[in-house]
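These notes concern the structure reproduced below.
The values are calculated or read from the model by the stated rules, or taken from the named source; none is laboratory data. Computed from a predicted structure; not experimentally measured. All Cβ positions, even for glycine, are placed from backbone atoms using ideal geometry, and neighbour counts span all protein chains on display. For accessibility, only protein heavy atoms count, side chains too; no ligands or nucleic acids. Shrake-Rupley method; radii C 1.70, N 1.55, O 1.52, S 1.80 Å.
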Amino acid sequence: MYKTQMNDVVYQIWPRSFKDSNGDGIGDIQGIISKLDYLQSLGIKTIWLCPVYVSPNSDYGYDISDYYNIQPEFGTMADMDQLIHEAKNRGIGILMDLVANHTSSEHPWFKKAMADPESKYRDYYFFQEGKNGKEPNNWISVFGGPAWTKSNRDNEYYLTMFTPQQVDLNWKNPEVRQEIYKIMTFWMNKGIAGFRMDVINIIAKAEGLPDKDPHKKGLQFAGDLIVSQPMSHEYLREMYEEVMSKYPGLYLGEGMIVNKDSCAQYCGFDRKELDMMFHFDLALIGCGPLGKYDFTKLYHWTIPDFKNIFTKWNVAAYENKFWMGNFLSNHDNGRSVSRFGDEKRFRAQSQKALLVSTMTAYGTPFIYQGEEIGMTNMKIDEKDWEDFEAISDFKMLKQMFHLPRFIRLYVIQKMTRDNARTIMQWDSGEHAGFSTKKPWYLINPNHKEINVKDDLEDKDSILNFTKELIAYHQTHSALRSGSFKPVMESHKQILAYVREDENEKLMVLINLDNKPALFKADDYQEMRTQLCNYSTYGPMDKKMVFRPYEARIVKLVSQNP
Ligand code: GLC
Ligand code: CA
C-alpha cells in the first residue's frame with residue numbers, strides 16, 4: 001500500500017523566481033538553502049524542485065542540454081549537494097524534475113544526430129521525411145504550430161511536441177531508456193527523494209506516427225496517438241525494475257489528459273509503475289475541450305462543476321486504489337486564489353478554504369510557492385510575456401480563430417503560465433525581499449500588502465493558517481490515508497466529504513461561494529470543529545449558516561456508546 005512519507009505535504013519551487021542569493025536578479029540554489037528554515041517551519045517534508053539542470057531556457061529548464069550538471073545561473077553541483085544535505089538535516093527530501101520525453105536541441109545527443117546521419121544518436125529521436133512538401137504528419141504541437149521542426153537536411157523533420165527546441169526522444173530505442181535510467185540513478189545516488197516526471201504519459205507514440213483524423217483539415221492534436229499508449233506502461237515497469245525498485249522514493253507522474261482508468265494503471269498500488277499522478281481536470285475547469293486556451297466556454301464554471309470534478313477523482317482514487325498528487329496551482333497554472341477563489345473581496349478566506357481542500361483530499365497535498373500567502377495573478381502586459389506557450393497561442397488564436405485582439409489579450413492574460421512565475425513576495429521592500437537588484441521578472445505591486453514577512457507577524461494570516469493545516473494533516477491519519485466519502489453531493493455551495501479510518505472520522509465542509517450558505521446535518525452525530533478558516537467561530541449546529549468561503553474540519557463523534 002502507500003508508503004509513509006508519501007502522503008506528507010510537498011512544496012513546489014520554481015527556482016528562477018523563488019530567492020536570489022547573489023544579487024544577479026535570478027533565483028538560485030543558495031537562495032533556496034537560505035529559505036530552508038522557513039520551509040521547515042511550514043511543516044513541509046518534501047520539496048519538488050522544478051528543473052535546475054543546464055538548459056538554454058527556451059522553456060525555462062524543461063529543455064535540458066545536460067542532465068548531469070547544474071544551470072550556472074542557479075549555482076554549482078556543490079550547491080546542489082549542499083541543498084540535498086541541508087534539506088535532509090531538516091527532514092526534507094528533494095524531488096527533482098525528470099524531463100525525459102524530450103531533450104533540448106542543444107543536447108550533445110541531438111547535436112551529434114544532426115551532424116552525422118550515420119550516428120547512432122539519429123535513432124534517439126524521431127527524424128522523418130516530409131510528405132508532399134509538408135510535415136510528416138498533421139500533429140499540432142502542445143504549444144501551437146506543427147509538431148515538427150525542419151532539420152538541416154532537405155525535406156527532413158524531427159518531432160518536437162512542445163517548443164521547437166524540445167526534441168522528442170524515441171523511447172522505443174532501449175539505449176535511450178538506459179540513458180534515462182542512468183540519469184535517475186545518478187541523482188538517486190546523490191540522495192534525492194525521487195522524481196516528478198514531466199509529461200510521462202506521452203513518452204510512447206503510436207507506431208509509425210500516423211496522421212490524426214486524416215480526413216480533417218489542418219493540424220490536429222495527436223491525442224490518443226500519444227497519450228497513455230500501452231508501451232508507456234511497459235517502459236515504466238522497466239524503469240521500476242531498473243531504478244525505482246532499487247531506490248525507494250517518491251515517483252510522481254505528470255499526466256497530460258489522464259482519466260481515472262489510466263491513472264489506476266499508472267499508479268495503482270500493485271502496478272509497479274508510479275506512486276502517484278497529477279491530473280489537470282480542475283486546472284482546466286471552464287476551458288473548452290481543446291484545453292487551456294480554448295475559450296469557447298468563456299472559462300465559465302460553477303461550484304457544482306468544481307465539486308463534481310473534485311469528488312469524481314477522490315472517489316475514483318479511493319475505490320480503485322490509486323494515489324493522487326493534489327494541487328490547485330503550479331508553475332504552469334495561475335495562482336489558485338485568482339482562479340478558484342475571490343481575490344478581491346475574500347482573498348484570505350478563499351485562499352484558506354482552497355488550501356483546506358488540497359490538504360484534506362485523498363492523496364498527497366502540493367502547495368506552490370506563494371500559495372501559502374495567497375499570491376495573486378497580475379495583468380501582464382504583452383511586452384512582458386515570457387511564456388512560449390502563451391506567445392505562440394496568442395498568434396494561433398488570431399490565425400485559426402480570427403479573434404479580435406482584446407479577446408485574445410483577455411484569454412492569454414487569464415491563462416498564461418507567466419502568472420505563476422512572478423517573483424516570490426518575501427517582504428514589502430523594493431525588490432520584494434527576493435533580491436538586492438531588479439529581478440529578472442515582474443514583481444506584483446501588491447507585494448506591499450501580500451508578503452511572507454507581514455504574514456508571519458499576523459496570527460490570522462494565510463501563512464499561519466497554512467502551518468496549522470499542515471500540522472493538522474501531519475497528525476491526523478484519517479486525512480493521510482483514511483477513506484473518502486462525499487456527502488451533501490447536491491449542495492450548490494458547500495463541498496463536503498468524510499475522511500475516516502480506525503482512529504477517527506472527520507468531515508470537511510467548505511463553502512466555495514462568496515455568499516453565505518446554509519448547512520443542514522442529515523444525521524445526529526455530535527460535530528466538533530477542529531479547525532476553521534475564520535478566526536472566530538461558534539460550535540457546529542445541525543442547522544447553521546456558513547460564511548463566505550468558510551471552511552471547517554469537523555470531528556464526528558458517534559453518540560452510541
Ligand atoms: C510539463 C511542464 C511544463 C513544460 C512541459 C514540457 O507540462 O510542467 O512546464 O513546458 O511539460 O516539458
Ligand atoms: Ca542569483
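Points to keep in mind about this one:
- Dipole magnitude of segment 211-315 about its Cα centre (Cβ charges: Lys, Arg +1; Asp, Glu -1), debye to nearest 20: 400
- Amide H contacts of Met197 (H built 1.01 Å from N, under 5 Å, at least 5 apart or other chain): Leu98, Leu252, Gly253, Glu254
- Estimated from helices alone, the mean residue ellipticity of the chain at 222 nm is -8000 deg cm²/dmol (sum of -39500 (n - 2.57) over DSSP H runs with n ≥ 4, per residue).
- Per-residue Karplus couplings for segment 83-90, computed as 6.51 cos²θ - 1.76 cosθ + 1.60 with θ equal to phi - 60°, are listed in order as 4, 4, 5, 6, 5, 4, 4, 9 Hz, Gly and Pro entered as x.
- Gained length - Lys344 relative to Glu241, 0.36 nm times residue gap less alpha-carbon distance: 32.1 nm
- When only the Cβ of Lys, Arg, Asp and Glu is charged (+1, +1, -1, -1), the dipole of segment 53-101 relative to its Cα centre reaches about 240 debye.
- With contacts taken as Cα pairs under 8 Å at a separation of at least 6 residues, the chain carries a relative contact order of 13 percent.
- Translational D in µm²/s for segment 108-167 (Stokes-Einstein at 4 °C, 1.567 mPa s, Kirkwood Rh from C-alpha pairs): 111
- Gain in span if fully extended, Lys217 to Leu298, counting 0.36 nm per residue against the direct Cα distance: 26.7 nm
- Antiparallel DSSP beta bridges within the chain, percent to nearest 5: 65
- Length gained on full extension, Leu36 to Ser490: 159.1 nm, using 0.36 nm per residue less the C-alpha separation.
- This model, with +1 at the C-beta of Lys and Arg and -1 at the C-beta of Asp and Glu, gives the chain a dipole about its Cα centre of some 1280 debye.
- Crossing angle, helix 388-401 versus the chain [Cα axis fit, 0-90 degrees, rounded to tens]: 80
- Förster radius 22 Å - calculated FRET efficiency between Lys437 and Thr76, Cβ distance, rounded to 0.05: 0.60
- When the Cα atoms of segment 499-561 are aligned to their principal axes, the ranges along those axes come out at 38, 19, 19 Å in descending order.
- Label point of Tyr537 set 7 angstrom out along Cα-Cβ; within segment 489-513, amide nitrogens under 17 Å from it belong to 493-499, 505-513.
- Backbone HN-Hα couplings from phi across segment 439-450 [Karplus 6.51/-1.76/1.60, Hz, Gly and Pro as x]: x, 5, 9, 5, 9, 5, x, 6, 5, 4, 9, 10
- Loop-located trypsin sites (Lys or Arg not before Pro) across segment 341-383 with a Cβ neighbour count of 16 or fewer within 10 Å are Lys344, Arg345, Lys379, with loop assigned by DSSP.
- Ratio Rg/Rh, restricted to segment 88-194 and using Cα atoms, in which Rh is the Kirkwood radius: 1.08
- Helix 230-239 and the long axis of the chain differ in direction by around 80°, with both axes built from C-alpha atoms.
- For segment 338-379, accessible area per residue (1.4 Å probe, heavy atoms of protein chains only), Å²: 24
- In order along segment 405-413, the phi-based Karplus estimate (6.51 cos²θ - 1.76 cosθ + 1.60, θ = phi - 60°) of 3J(HN,Hα) comes to 4, 5, 6, 4, 4, 4, 4, 5, 5 Hz; Gly and Pro are listed as x.
- Estimated Rh, the chain: Kirkwood, alpha-carbon pairs, angstrom: 24.5
- Using alpha-carbon coordinates, inclination of helix 347-360 to the longest axis of the chain, degrees: 80
- Dipole axis of the chain (+1 Lys, Arg; -1 Asp, Glu on Cβ), positive-most option in Asn69, Asn514, Cys267: Asn514
- Sum of side-chain charges, Lys131 neighbourhood, beta-carbon under 13 Å (Lys, Arg +1; Asp, Glu -1): -3
- Taking amide H atoms as placed 1.01 Å from N in the peptide plane, the amide H of Tyr53 lies under 5 Å from those of Gln71, each 5 or more residues away in sequence or on another chain.
- Estimated D of segment 22-175 in µm² per second, where Rh is the Kirkwood radius over Cα pairs and Stokes-Einstein applies at 37 °C, 0.692 mPa s: 189
- Label sites at Lys182 and Asp381, each approximated as a point 7 angstrom past Cα along Cα to Cβ, lie 4.9 nm apart.
- Euclidean distance between Cα centres, segment 1-43 to segment 62-111, Å: 14
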